[in-house]
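Reviewing the structure listed below.
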Amino acid sequence: MDRGIFLGGIPGTTSRRGFLRACAIATAAMGLPMEMVSKVAEAAKDPERPRVIWLHFQECTGCTMSLLEASHPDIASLILDLISLDYQETLMVAAGEQAEENLHKAIEEGNYILVVEGGIPLKDDGVYCKVAGKTAVESLKKAAEKAVAIIAIGTCSAYGGIQAAKPNPTGAVGVQDIIKDKPIINVPGCPPNPHNFLSTILYYLTFKKLPPTDRWGRPLFAYGRKIHDHCERRPHFDEGRFVEQFGDIGHQLGYCLYKVGCKGPETYSNCPVIRFNDVEVWPVSVGNGCYGCTEPNFWDTMAPFHDRLPNIKIPGAGIQASATEFGKAALGVTAAAIAIHAGIGVAKRLATGSKSEE
Ligand code: SF4
Ligand code: SF4
């Protein structure tokens, strides 16, 4: 199926430099050696692109928008070059009955990856989210039947999302709570980092299978370590130097944000390593704590977002482990994270010819 029929204004136009750069970053993000870049690039150039059907349910479309966000057009273009996007409600030109017909045809052909964005309401027979007269749960089950694998993009489709926050009035759940007979991988985040989605696709293309996951179904290469373990403010935590309130001298000096609500000690994600956009920032680097958006139920377990986590041992607060203990515990994972971050820096320099980027 020609995706040009469906997409409006988002051509897959990756430059060669952008293509190599994105492949190199994805290779490093997956924790693979740089020698694998050529294999990943080879898989990415395979003309037999996997067909993708992308469904939207209860969500804000932030996952799609962050993926297409203008500061990393090469990623958006590369993803659109890697896959044959047969159906995507935000991007396709078709609407109404024509769109429905396209979806039915794509499903009938089978053998596609199903990407799901948004939670699925189950309460009252699923009436709280309907498209073309069908409930989200009906549409999901129908599209899952002939899918070879499912990627749940964003915390909503992975675990229910914000609409599942107590008291969860619509009974929202994630894909894995409904579909039990297909390989499913969760790429959570609110929104998830586009690099993690791209790397998941590239892993599938390179190795013809989904990457290994943790107990929450997240790819280990992206969600295998805690934010706290490779945060640049970690030395301040270990030394007991904290921001007490936003704007104070500690905030200006870049101290640890734990006391103003950072959930990094309880959150698994590679945000400090892979960072966001092409300006190399992430929330903590610009002065706001992590909200824990990659964790199941973060809307309930991590809120209030600017209150400190209970029961975390803080150096200098009487219930602490020593900085040495923290340092020892973190040493292995921090070294691994530094190696990946260094690999990403090297990958970017190799791809751009820059001597200073990192
Ligand atoms: S609590 Fe947050 S800001 Fe402080 S070191 Fe951990 S992740 Fe970084
Ligand atoms: S820093 Fe925390 S809240 Fe921010 S994107 Fe990463 S996991 Fe989500």
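Numerical summary
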| quantity | calculated |
| --- | --- |
| Any hit, the stretch 105-124, residues being assigned to a loop (DSSP other than H, G, I, E, B) and under 21 Å from Gln176 (Cβ atoms) | yes |
| Boolean, Thr170 is in a loop (DSSP other than H, G, I, E, B), among the hydroxyl-bearing types (Ser, Thr, Tyr) and either in the same structural domain as Leu55 (by TED's automatic domain parsing) or at pLDDT 95 or above (or both) | yes |
| Test result for Arg275, modelled with pLDDT under 95 and touching a helix residue (DSSP H, G or I) at 6+ places or on another chain (Cβ under 6 Å) | no |
| Cβ pairs under 6 Å, 6+ apart, first in the stretch 220-232 and under 22 Å from Phe242 (Cα atoms) and free of Cβ contacts under 8 Å to residues at least 60 places away in the same chain, second in a strand (DSSP E or B) and more than 10 Å from ligand 2 (Cβ to nearest atom) | none |
| Out of Ile179, Ile227, Ile201, sole residue that is β-branched (Val, Ile, Thr) and within 16 Å of ligand 1 (Cβ to nearest atom) | Ile227 |
| Among residues of the stretch 278-299, those that are among the charged types (D, E, K, R) and modelled with pLDDT under 95, counted | 2 |
| Residues satisfying the stated conditions in the stretch 210-230, i.e. of a type outside the set (A, V, I, L, M) and touching a helix residue (DSSP H, G or I) at 6+ places or on another chain (Cβ under 7 Å) | Pro211, Pro212, Thr213, Asp214, Gly217, Pro219, Phe221, Arg225, Lys226, His228, Asp229, His230 |
| Matching residues, the stretch 145-167, being surrounded by 21 or more Cβ atoms within 10 Å (Cβ to Cβ) and part of a helix (DSSP H, G or I) | Gly154, Thr155, Cys156, Ser157, Ala158, Tyr159, Gln163, Ala164 |
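The values are calculated or read from the model by the stated rules, or taken from the named source; none is laboratory data. No experiment lies behind these values; they were computed from the predicted model shown. With ideal geometry, Cβ positions are generated from the backbone for all residues, glycine too; neighbour counts draw on all protein chains shown.
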